[in-house]
Amino acid sequence: MSRRGWLALLLAVFTTAATAAEPPRLVVVISVDQLRFDYVDRFSPWLTERGFKRFRREGAVFPNARYRYSVTFTGPGHAAIGTGLTPAESGIVGNNWFERDTPLDEAQWQWYFDDNTVYVAPGLKARNETPATPWWKLGGIPRYCTYDGRVKVSAGKSSGMSPANLSGDALGDRVKERHPQSRVFALALKDRAAILMAGRRADAAYWFDRDLPGFISSTYYHFNPDVLAFNDSLRGYMPGSDEWRPSSFIPAQDLPLVTFDPPAAWPLKNNTYGGTFPHPVKSAKAFTYTPFAQDMVLDFAHHLIVTENLGTRDTPDVLFVGVTPTDYVGHYYGPDSMEVADNFVRLDRSLAHFLDLLERRFGDRVLVALTADHGVQSNPEVVKLRDPNADAGRIDVRTPSPNATLIADLPPLRIHIERDLARRLGIPFSPTAPLSHSLVYFFEEPSLWLNWKRVSELRLDAERVKRTLRDVVRDMKQHGIDDAWTNTEMLAADANASRIQQLMRASYRSDRAGDVLMALRPGWIWMWGSNSTTHGQPVDNDMHVPLMFWGTGVKPGVYDVEASPLDIARTLGRVLDAEAGGRTSRALPCF
Ligand SMILES: [Zn+2]
C-alpha cells in the first residue's frame, strides 16, 4: 500500500474510533408501568412511525425479555430496572412486606390500614366492639417499600419517602461514582417507581401527590423548586369536557378485533369511573386514570431536562421516567378492554412527541431505553365471560380489618386454612375463638406469616407447623394455588429446584418474607377487595415485557437472545463506563 493509502486508512480508523467513542450526553430510561409484551404487536396497525415503531425501525428490540423473578410488582420492577438487582439482591421483595423483628409501630400499621383494602367480615360492623388488645399489636410492622418516617415531603401531607430500604447500588449511583459531575434524576406518578429507579445518590426523584395535586419530592433529595414550578401548568392537562372519550386512532369497527369488551363485560370491570366510555374526569385521582396524565408525565420530563440543563456538559446525565397511568387504566379496565387499547395508542403519540423533542435537542447524543416493570393478567371474570370453562379466578386470604376480634372475622379461605391446619396438627379449632388463637398471623403476596406466639403456647414443633401449613395450602388447588414452599425449603433451593421455585427464590429475603410462600396458576390472582385485575405472579403475562433501545451507539436489529429488564443497568453501565447490575445481569449485544 502507498504511503497515501496508509494515511487514508489510519485516518479512517481514527475517525471511526472517534465516532464510536462519542458517548451520549443524556440517557433516558422510560418505564411504562404495566406494559405487557403483546401490546406493541396487537395495536401495531394503529401506531405511528415515530413512537414505539421507531425503536423497531431505528433501534434494537429484544422480543424475549422476561423478569427473572416471581414478584412482578411496581416496587421490585422499578428497583430491577434502576439497579439490575433481583428482589433477593435489592431487598425490594414487594410493594409491601411484613417485618416481624421490627418493634411495633402504630403509625406504620395505621398507614397500612389506610392504604390497603383489608377484609371486613359481614357481621363485624354490627358487633362494633373495640378489642382490648387489637390482633395486630402482636408485634412486627407492615412495611411499604419506600416509606421513610425520617424524611419530609416537599409539599402536602403525605408520608416521607426515600430509597432507605433499597439494599444495593443503582446504575445512577455507579455513574455518579465514575463521573462525579453527572446528574441523575427520576420522575413518575408513583413514588416507588421514581425513587427505586433513581437509586441512592440521585440528585432528585419526583412523584405525584393526588391530594395536592402536584409533583413533590422529599428532603432526602436536593429537589429544585424551579422544577416543581411545573405544577402551575397542571390544569391545562385536564380534558375540557371533564371526560375521557375514546379517540378515533383505532376506528370503532376495528376495536372488537383487538379487544374483548362487550356490554356484558362493563359491570365486571372496576366501576369507580364507570365501566365504559365516556369516563368522568372530575378529580385529580380520576385524571391519573386517563391518557391525559401520560402527557403530563412526559411534559414534566421535558420540563426537568430543560430546567436542569441536562445533557449540556461533558459527562453523561441520566433521567428515569415512569409512565404510570397505563398501570391504573390496566388495573381498572383490564388488558382486554377498549380503555387499555385507546390509552396505548394515545401513549404512542405522546411518546413520539417526546422522542422528537429529545432528537431536536440532542441530535445523535441521546440514548433511550424503554421497558416495563411488569405485565398484567386478564380480569378473571371477563375471562370467564369469554369462556365459562376457563381456569381463572381470584383467591382471598387478605389480612383482616384492624377491629376484627374472632377467627370468624377472617376471610372464608383463611378460616378454612385455620380449620384444616388445626385438624392436621391435632389441636382444637373454633370459629368463635379469639383472633389471637389463629395460627396464621399476616398475609402479603406471596407469603403467609405464622403466629409464633400461638405456636409456642401450644408447644408445637415449628418446622412441622410450617410443613403442615404448606400442605394445607398446596391442597387448595381448586382455588388457584400452583405450589407452596416453607421458607426453609426456599432457602435450600438450588439449581435442581423447579423453575417456579427458582423464580420465587430470586424474590426471597429471609427478613422480608413469611413462613410459607405460594405461587398461583396462570389466570389466577389474589383478591384485594375490588374487581380490578392485577399482576405479581411468575407467569408469562406478568413477566414478559417489551425491551428496546434507540439512539447513540445502538446497533439496530431484532435480537432473539434471552434478555431481561434486569440487563438494562449493566448494558447502559457499559456504555457509560460504569459497572452496574447484579448476579443475573448481562450486557446486551446491541452496542
Ligand atoms: Zn400495577
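The values are calculated or read from the model by the stated rules, or taken from the named source; none is laboratory data. These figures come from a predicted structure and were not determined experimentally. No Cβ is skipped: glycine too gets one built from the backbone with ideal geometry, and neighbour counts run over all protein chains shown.
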Any chance you could count how many residues in the range 541-566 are in contact with a Gly (Cβ under 8 Å, 6 or more places away or on another chain) and more than 16 Å from the ligand (Cβ to nearest atom)?
7
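Yes or no, residue by residue, for (1) among the charged types (D, E, K, R); (2) buried (at least 18 other Cβ atoms within 10 Å of the Cβ); (3) more than 16 Å from the ligand (Cβ to nearest atom):
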{"site": "360", "(1), (2), (3)": "yes, no, yes"}
{"site": "369", "(1), (2), (3)": "no, yes, yes"}
{"site": "379", "(1), (2), (3)": "no, yes, no"}
{"site": "388", "(1), (2), (3)": "no, no, yes"}
Search result, residues across the range 180-200 that are out of contact with any helix residue (DSSP H, G or I) (no Cβ under 7 Å at 6 or more places or on another chain) and surrounded by 19 or more Cβ atoms within 10 Å (Cβ to Cβ):
183, 191, 194, 195
Kindly establish whether residue 462 is more than 26 Å from the chain's Cα centre (by Cα) and surrounded by fewer than 21 Cβ atoms within 10 Å (Cβ to Cβ).
yes
Filtered residue count, the range 306-326, keeping only those that are closer than 14 Å to residue 202 by Cβ and surrounded by 22 or more Cβ atoms within 10 Å (Cβ to Cβ)
7
Subset of the range 201-233 (residues that are buried (at least 21 other Cβ atoms within 10 Å of the Cβ) and in contact with a Pro (Cβ under 9 Å, 6 or more places away or on another chain))
202, 205, 220
Given the structure, is residue 57 out of contact with any Gly (no Cβ under 9 Å at 6 or more places or on another chain), more than 29 Å from residue 341 (Cβ to Cβ) and basic (Lys, Arg)?
no
Total residues in the range 95-143, condition in a strand (DSSP E or B) and aromatic (Phe, Trp, Tyr)
3
Regarding residue 454, is this residue crowded, with 17+ Cβ neighbours inside 10 Å, part of a helix (DSSP H, G or I), touching a helix residue (DSSP H, G or I) at 6+ places or on another chain (Cβ under 7 Å) and among the charged types (D, E, K, R)?
yes
Determine which member of the set 168, 149 is part of a loop (DSSP other than H, G, I, E, B), at pLDDT below 95 and farther than 30 Å from residue 407 by Cβ.
149
Filter the helices (runs of 4 or more DSSP H) completely within the range 1-94 down to those with at least 1 residues that are within 16 Å of the ligand (Cβ to nearest atom) and modelled with pLDDT of 95 or more.
38-42, 74-83, 87-90
Answer yes or no as to whether residue 79 is out of contact with any strand residue (DSSP E or B) (no Cβ under 9 Å at 6 or more places or on another chain), closer than 25 Å to residue 440 by Cβ and hydrophobic (A, V, I, L, M, F, W, C).
no
Residues of the range 312-338 being within 30 Å of residue 182 (Cβ to Cβ), part of a loop (DSSP other than H, G, I, E, B) and either within 17 Å of the chain's Cα centre (by Cα) or within 13 Å of the ligand (Cβ to nearest atom) (or both), which ones?
324
Name the pairs: first residue in the range 159-175 and touching a residue at least 24 places away in the same chain (Cβ under 8 Å) and closer than 24 Å to residue 114 by Cα, second residue part of a helix (DSSP H, G or I) and among the acidic types (Asp, Glu), Cβ to Cβ under 8 Å, at least 6 apart or on different chains?
161/191
Determine which member of the set 352, 341 is closer than 18 Å to residue 249 by Cα, in contact with a Lys or Arg (Cβ under 6 Å, 6 or more places away or on another chain) and of a type in the set (A, V, I, L, M).
352
Keeping to the range 291-311, report how many residues are free of Cβ contacts under 8 Å to residues at least 60 places away in the same chain, more than 16 Å from the ligand (Cβ to nearest atom) and either under 18 Å from residue 373 (Cα atoms) or outside any helix (DSSP H, G or I) (or both).
3
Taking only pairs six or more apart or across chains, which ones have beta-carbon atoms under 6 Å, a first residue in the range 330-347 that is at positive phi, and a second residue that is more than 13 Å from the ligand (Cβ to nearest atom) and assigned to a helix (DSSP H, G or I)?
334/382
Filtering the range 196-213 for residues that are assigned to a strand (DSSP E or B) and among the acidic types (Asp, Glu) leaves a count of 1
Name the residues in the range 103-126 that are more than 30 Å from residue 566 (Cα to Cα) and without any contact (Cβ under 8 Å) to a residue 60 or more places away in the chain, would you?
103, 104, 105, 106, 107, 108, 110, 111, 114, 122, 125, 126
If residue 285 passes every condition in (1) over 21 Å from the mean Cα position of the chain (by Cα); (2) surrounded by fewer than 16 Cβ atoms within 10 Å (Cβ to Cβ); (3) not β-branched (Val, Ile, Thr) but one, which one does it miss?
(1)
Mind checking which residues of the range 237-256 are surrounded by 11 or more Cβ atoms within 10 Å (Cβ to Cβ), of a type outside the set (D, E, K, R) and either farther than 30 Å from residue 307 by Cβ or free of Cβ contacts under 8 Å to residues at least 40 places away in the same chain (or both)?
246, 247, 249, 250, 255, 256
Being away from the ligand (no atom under 16 Å from the Cβ) and free of Cβ contacts under 8 Å to residues at least 24 places away in the same chain, is that true of even one residue in the range 506-525?
yes
